[in-house]
1. Between the alpha-carbon centers of the stretch 276-352 and the stretch 129-203, tell me the distance in whole angstrom.
2. Once you've got the GNM for the chain with C-alpha springs shorter than 10 Å, pick whichever of G346, G201, G273 has the biggest mean-square fluctuation.
3. If each residue's Cβ is checked for other Cβ atoms within 10 Å, how do R94, R110 rank with the fewest at the top?
4. Quick one: which residues, 5 or more positions from L74 or on another chain, have an amide H under 5 Å from its amide H? H modelled 1.01 Å from N in the peptide plane, none for Pro or chain starts.
5. Picking from C261, V421, T394, whose Cα lies most toward the positive end of the charge dipole for the chain (charges on Cβ: Lys, Arg +1; Asp, Glu -1)?
6. Trypsin sites (Lys or Arg not before Pro) within the stretch 309-368: which are DSSP loop residues with at most 14 other Cβ atoms inside 10 Å?
7. Using 20 Å as the cut-off for backbone N distance, which residues of the stretch 184-222 belong to the label zone defined by a point 7 Å from the Cα of A422 along Cα→Cβ?
8. For A32 and R63, compute 0.36 nm times the residue count separating them, minus their Cα-Cα distance, and round to one decimal in nm.
Amino acid sequence: MTGRVLFFPWAWGGGAAYTGRCLVLAAELAAAGAEVAFADCGVTAMVREAGFPVLDSGPDAPRPPARHPTPPYLPFADVERVFAVAATFHRIERVRRRLAADARLIEEFRPTAVVIDMYPTAALAARAAGVPVVSLADADFVTPRANGWMPWSTVAPRDLLPHPSSLPVWDEVSRGLGLGPVARAEHLLWGDVTLVSSDPGLEPLDGPPHRGTPHYVGPMYWNPPAAAPEPPRTDRPRVYVTIGSGGNVARRALQNVLDACAERPWTVYVSSGFAFEGGLVVPDNAVVAGFTGLDAPLAWADVVVSHGGSATVLAALLHGKPSVVMPFMSEQELNGRQLAEATGAGVLLRTSATTPRGRLAFTDRTSGPADGPYVPTEDIRRGVEDVLADPRYTERAAEWGARLRARREAADLVGLVRSAVAPTAGVRR
């Protein structure tokens, strides 16, 4: 494929999975002959390690902070709350500054297509410039259902996170660009072609597309070219642990996981992410590595303990490995409910419920109603023991793995991007 493709991955709140998904597509496009570049809005260390150029958005463009304090659980009920709370895009001046930076990059790079992963300002800038948009998405990014990230909630999204709404801002900005009204924040994330990195049997859209055509393409995740330390050789049950890319919440939760695994007859291999702060007490049966990628440790593991990130749980299923999920936010809990418990391919250690007054109540799988901010060590230990003891978890993961591999192998990512660019694509701009 000839042409130039500019990527805009989301990075507020971490973003390694979004950047990684973009890198998968970027590598295929580059191999097919396209010129590829990334805006500096994602995890740029990953982009540079993969060998792609990073374009500077300029000093005035809003960017995610290098480190941001977060509570033990974030109840984002839908993408609008993510835009408003994580990126403070309820402030119109911030949206306009990011939009101006994105528009400048598009004007200078002159792409034949723009690829977004949960990045609304780049989608608006591209459409205003007449450039086709390809969207990489989880199904819950674009679902029309209410409380798309938290469908078990019984209250309005702003009852849980009462920041001002970003929707009036998106509507005003879109109208100002001549692109018409914005009725829902999810509509911003529909591309002329939308690639959903899952399977419809796992994550249905629950409604018609807002724009263009959605295509389920199977899991998309990135493995770093630099090799991480190899998982340990062992004859004991193998537990792979990956709970995000650092920060105080992840460190405390990871210590609970390590404590749960201590003195158990298992071998434990831990991905500590990109920006992990140390200070861990590591038991003798555990090895802590850096950013390990997913394929090698998943091929090694018997069970995966994770935060429930979409890329991680789907990759575990792809490899036929069951999951033990301990979520730090609502979308991760949704992944645990849909991709682990509903499939029978794992367990979810903590669930949330909403009260009529907009409060959250948590219940741990083993110990019941939760008082503490983190899943207790005994619940973690019991979850791993239960999954290791029951082969049906692995059998069900293997069944879904076969389906996901078939879907991923059948996906023509380059052809799908080409269809967005082709004049005969038949999509609305």
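Read-outs throughout are calculated quantities, based only on the coordinates presented, and are distinct from any laboratory measurement. Computed from a predicted model, the values in this text were never measured in an experiment. Cβ atoms come from the backbone with ideal geometry, glycine included; neighbour counts cover every protein chain shown.
1. Computed from Cα coordinates, the inter-centre distance equals 26 Å.
2. Sorting by GNM fluctuation, first place goes to G201.
3. Starting with the residue having the fewest Cβ neighbours, the order is R110, R94.
4. Amide H neighbours of L74: M329, S330.
5. The listed residue farthest towards the positive side: V421.
6. Working: sites: R337, R350, R357, R359, R365; in loops: R357, R359, R365.
Answer in residue order: R357, R359.
7. What the label zone holds, given the 20 Å backbone N cut-off, is 191-196, 211-217.
8. Between A32 and R63, full extension yields 8.1 nm more.
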